[in-house]
Amino acid sequence: MPNWTLICRVDDISPLGSRRVTRPKGAPVAVFRAQGDQIFAILDRCPHKGGPLSQGIVFGTSVACPLHNMNIGLDDGRVKEPDEGCVPKFAVKVDAGTIYLDADELASVGTDLALPVAGPCATRGAVGGGQIIEVQTPHTA
Ligand code: FES
């Protein structure tokens with residue numbers, strides 16, 4: 001059973017924008033507001049060379065990595081052909097305009113992978129639950 005933890009409101013993310021959720025251990029998680037206000041969360045680390053996907057361009061339900069432009073599906077974490085690879089995805093719950101991620105997944109998924117090669121130019125915001133998690137906005141659309 002998921003252990004939902006509050007991240008932010010949907011309106012805190014610009015349309016076709018993202019938020020970056022840092023964790024005590026492991027690469028951050030990128031939360032995207034995609035086409036039609038669909039919310040997705042994937043590891044903020046491109047499977048190619050670790051580019052920060054939260055700084056990529058969102059189109060439809062995909063993101064283009066800012067480093068070498070590989071396209072990654074936000075719904076399944078898979079790299080689009082002709083490239084190959086995948087990035088871990090995270091369960092998302094949206095309730096009454098508020099975004100939640102599973103705290104157990106945040107503590108365990110992708111924690112063994114190296115950090116992205118480029119960092120965010122971020123502002124920081126608070127996340128509920130008393131956990132050591134930071135939410136950052138790398139850019140706005
Ligand atoms: S690091 Fe993402 S495409 Fe190369």
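The number of residues in the range 58-72 being near the ligand (Cβ under 9 Å from one of its atoms), within 17 Å of K89 (Cβ to Cβ) and either assigned to a loop (DSSP other than H, G, I, E, B) or charged (D, E, K, R) (or both) comes to 2.
Kindly evaluate V94 against the criterion of being surrounded by fewer than 19 Cβ atoms within 10 Å (Cβ to Cβ), aliphatic (A, V, I, L, M) and either outside any loop (DSSP other than H, G, I, E, B) or more than 15 Å from the ligand (Cβ to nearest atom) (or both).
Working: surrounded by fewer than 19 Cβ atoms within 10 Å (Cβ to Cβ): yes; aliphatic (A, V, I, L, M): yes; either outside any loop (DSSP other than H, G, I, E, B) or more than 15 Å from the ligand (Cβ to nearest atom) (or both): yes.
So V94 passes the test.
Taking each residue of the range 56-70 that is without any contact (Cβ under 8 Å) to a residue 12 or more places away in the chain and looking for partners that are more than 12 Å from the ligand (Cβ to nearest atom) and among the aromatic types (F, W, Y) with beta-carbon atoms closer than 7 Å, six or more apart or interchain, yields nothing. Can you tell me which residues in the range 24-36 are farther than 15 Å from K89 by Cα and either charged (D, E, K, R) or in contact with a helix residue (DSSP H, G or I) (Cβ under 9 Å, 6 or more places away or on another chain) (or both)? Correct list: P24, K25. Residues in the range 4-56 that are closer than 16 Å to D102 by Cβ, open to solvent by 50 Å² or more (accessible area, probe 1.4 Å) and modelled with pLDDT under 95: P24, K25. I'm trying to understand the selection: among the residues of the range 37-52, which are near the ligand (Cβ under 10 Å from one of its atoms) and under 13 Å from R78 (Cα atoms)? Correct list: R45, C46, P47, H48.
The values are calculated or read from the model by the stated rules, or taken from the named source; none is laboratory data. Just so you know, these numbers come straight off a predicted model, no measurement behind them. Ideal geometry is used to build each Cβ from the backbone, glycine not excepted, and the neighbour counts take in all protein chains shown. What goes into the accessible areas is simple: the full protein's heavy atoms, side chains included, and nothing from ligands, DNA or RNA. Shrake-Rupley method; radii C 1.70, N 1.55, O 1.52, S 1.80 Å.
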